[in-house]
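Structure record follows, encoded as structure tokens.
The values are calculated or read from the model by the stated rules, or taken from the named source; none is laboratory data. Computed from a prediction, not measured in an experiment: that's the story for all the values here. FYI the Cβ positions are ideal-geometry reconstructions off the backbone, even for glycines, and counts take in every protein chain you see. Calculation scope for accessible area: heavy atoms of the full protein, side chains included, ligands and nucleic acids excluded. Shrake-Rupley method; radii C 1.70, N 1.55, O 1.52, S 1.80 Å.
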Amino acid sequence: MCPARNKSRYDTGIRVLLFIVGIIGLGSVQDLKGQDAAIRVEPPNWWAGMQNSRLQLMLHGEGLALYTPRVSAEGVLVEAWHPGSSKNYLFVDLFLAQGLRPGEVNLVLERRGYPGREIGYQIRAREKQGEEYQGFDASDVIYLITPDRFANANPDNDSFPGLREQGVDRSDDYARHGGDLEGIRRHLDYIQHMGFTAIWPTPLLMNDMPATSYHGYAITDFYQVDPRFGTLQEYRALSNEAREKGLKLIMDQVVNHCGLHHWWMEDLPFPDWINFQQNHEEGEPLTVTNHRRTVNQDLYAARTDRDLMEKGWFVPSMPDLNQDNPSMATYLIQNSIWWVETLQLGGIRQDTYPYPDKDFLSRWARALMEEYPNFNIVGEEWSTNPLLVGYWQDGVQKRDSYRSYLRTTMDFPLQKAIIDGLTEPETWGSGLIAIYEALANDFHYTRPNDLLLFGDNHDMDRVFTQLGGSAVLTRMALAFILVAPRIPQIYYGTEILMDNSANPGDHGLIRSDFPGGWEADAKNGFSGAGLAPEAREMQDYLKKVLNFRKGSSALKEGKTLHFVPEDGIYVLVRSYEDETVVLVLNKNEAPVKLALERFRELGLNGKSLQELLSGETVIWSEHLTLRAAGAYIYISK
């Protein structure tokens, strides 16, 4: 059960419903005398014709809590306003009527004995309707990028005066290295030609933190792009060009916490804007979460454990946002919608999904999915327990009747099984059977093909490292990820066998620079120049499988069948109409003949199949000869 919401601050606040019949149309407010530049307004603009007709503006400026808002625009009503506990905040609730014309709305703030303060607020036309936004799904393969470590196209934006962390140092794994938005944009052709269909950059918003700001997860301004990555215009240019190339853009968002140096930390609007706020303001020791995520589902969890999990700070440098505060909840929901509209997103990845108030998460996801019914969101539940992962997927029947509205969760259970299955010795209870049994858990999920599967990501050892530096096992892992009934995600550099074997667990090393992303690099992963033969072979291998998958209905939406592993061989089959794809994972180093009698139900006997990687044609008859350990992908012709 979630803690009760604190609404007492509204008991003394002004709540007035004003129904204004505007006498000045939106086309007339171009005569504004000017806007008060000393007022911060968030969201900075909005759109006409949204599903939800209500909008809350957060205004921040000297003494604003003492002002009364008024608007003169046809189709715009001030429904209520809420002064902050800080004298510098005013929250204004607007109603935007259907049929509202785009243009500038004149919002006037009035206070007896003081001159009025004016805000020219932009209501824009939508670029497309909500149902036209298509989210990522099992037809996609996502390329995960750490932007600071991918490519530096503009060294002029590497550092900015006034920011807490200065300069770049590529010899320091935890310093900034200079990668930017333009660096990603310039290499979209590479990403597209490799066969990826979506990109997920880790957060690109302002992180004005004194150290390790490169990773992006300690946001200090939810509406500003970090200038060391580029500008909002460059972010939009990346999105537009990616969309033209058939690449969806997924935004990495964080509603659980902000960075300690977020601009509002110097002047918090309410006494409950962040959790453990009094401790922070009085300089007392901070309370960090217990990270016991099972309390979200545990029937027997103690209230004190639930509260500490939800309200404790993720780390001391990341204040925990209090989504029980209605204005905070609205702020975060509107911020997500603002970025979807501004960037024309193809999805959202939500960080640390089990940590915020879960009832808020339900409202947040519902607001997005009602506005964009064909959209998708993936939530990060880092658990190898499929019961916990499945809990968050929408449609699962739960004893607590909780509804998440979340289509996609991250499949950490199957990821672990891939590593275990490929590295464990083959016995009755270990080895490839781990993969088989993990996939057999799909009965628990509402829609298994909506789960996100990966070999690694920005927080885990590189898959090549996890697999002991074996290119053969890495090819097997990637083949399974791309054939299984999932949404595949691959971390940048996997295609050229990037690793962190020199220091496992080192996050800075995990997020190493992509070779060729900096002008002076001796090696170039984009062109292949200077790469080791093994890296080039992996790049060619992955490119072939990715581009095949792009055109394979069997892999994108086909039925799935698999067979209990025997003698170090696991067979997984996907089929759609007359297309059949057979994946054979073979751990035997010596040549072996796979008897085909037990696979009769596939209906392939006597048919000609082509092995994707070698191009060899085989007749499905008595047996298949597997010459070495590896992944074999057979396609019905």
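Structure notes:
- Listed residue (Tyr391, Thr409, Gly379) projecting farthest to the positive dipole end of region 378-419, Cβ model: Tyr391
- Take the Cα of Lys87, step 7 Å toward its Cβ, do the same at Lys128, and the gap between the two points is 4.9 nm.
- Full-extension gain in nm, Ala595 to Ala237, via 0.36 nm per residue minus C-alpha separation: 123.5 nm
- Entries of Lys544/Lys637; Lys245/Lys550; Lys248/Lys523 with Cα pairs more than 23 Å apart: Lys248/Lys523
- Gain on full extension, evaluated as 0.36 nm per residue between Val108 and Thr423 minus their Cα-Cα distance, stands at 106.8 nm.
- With the cut-off at under 19 Å, measuring from each backbone N in region 166-198 to a point 7 Å along the Cα-to-Cβ line of Glu266 picks out 166.
- Taking packing as the residue-averaged number of other Cβ atoms within 10 angstrom, the listed peptides 120-129, 411-420 run from highest to lowest as 411-420, 120-129.
- Accessible area in square angstrom per residue, the chain, 1.4 angstrom probe: 40
- 222 nm mean residue ellipticity, helices alone, for the chain (DSSP H n ≥ 4; -39,500 (n - 2.57); rounded to 500): -6500 deg cm²/dmol
- Here's the list of aspartates and glutamates a cross-link from Lys587 could span, going by alpha-carbon distance under 12 Å and ignoring same-chain residues fewer than 8 apart: Glu424, Glu426, Glu566, Asp567.
- Separation of region 358-374 and region 165-226, taken as the distance between their Cα centroids, equals 27 angstrom.
- Inter-part distance where region 464-542 and region 41-83 are each reduced to a Cα centre, Å: 48
- Normalised by residue number, the volume inside the convex hull of the Cα atoms of the chain is 169 Å³ per residue.
- For region 97-102, backbone phi angles converted through the Karplus equation (6.51, -1.76, 1.60; θ = phi - 60°) give residue-by-residue couplings of 5, 4, x, 4, 7, x Hz, Gly and Pro being listed as x.
- Sites Arg366 and Val472, calculated FRET efficiency, Cβ-Cβ separation with R0 51 Å, nearest 0.05: 0.65
- 18 Å reach of a label modelled at Asp189, 7 Å along Cα-to-Cβ, counting backbone N of region 137-161: 151-154
- Protection proxy ranking of 199-208, 428-437, 226-235 - average other beta-carbon atoms within 10 Å, highest first: 199-208, 226-235, 428-437
- Rounded percent of accessible protein surface that carbon and sulfur make up, the chain, 1.4 Å probe: 49
- With the simple model of a label 7 Å out from the Cα in the direction of the Cβ, Ser614 to Gln51 spans 5.1 nm.
- Shape category assigned to region 444-491 from the gyration tensor of Cα positions, a/c cut at 1.5: prolate
- Approximating the spin labels as points 7 Å out from Cα along Cα→Cβ, the Lys523-to-Val564 distance works out to 4.3 nm.
- A cut-off of 5 Å between modelled amide H atoms, ignoring neighbours fewer than 5 places along the same chain, links Gln323 with Asp357.
- Helix 412-423 axis, angle to the chain major axis (alpha carbon atoms, nearest 10°): 30
- Qualifying lysines (Cα of each under 16 Å from Cα of Lys398; at least 8 residues distant if same chain): Lys358
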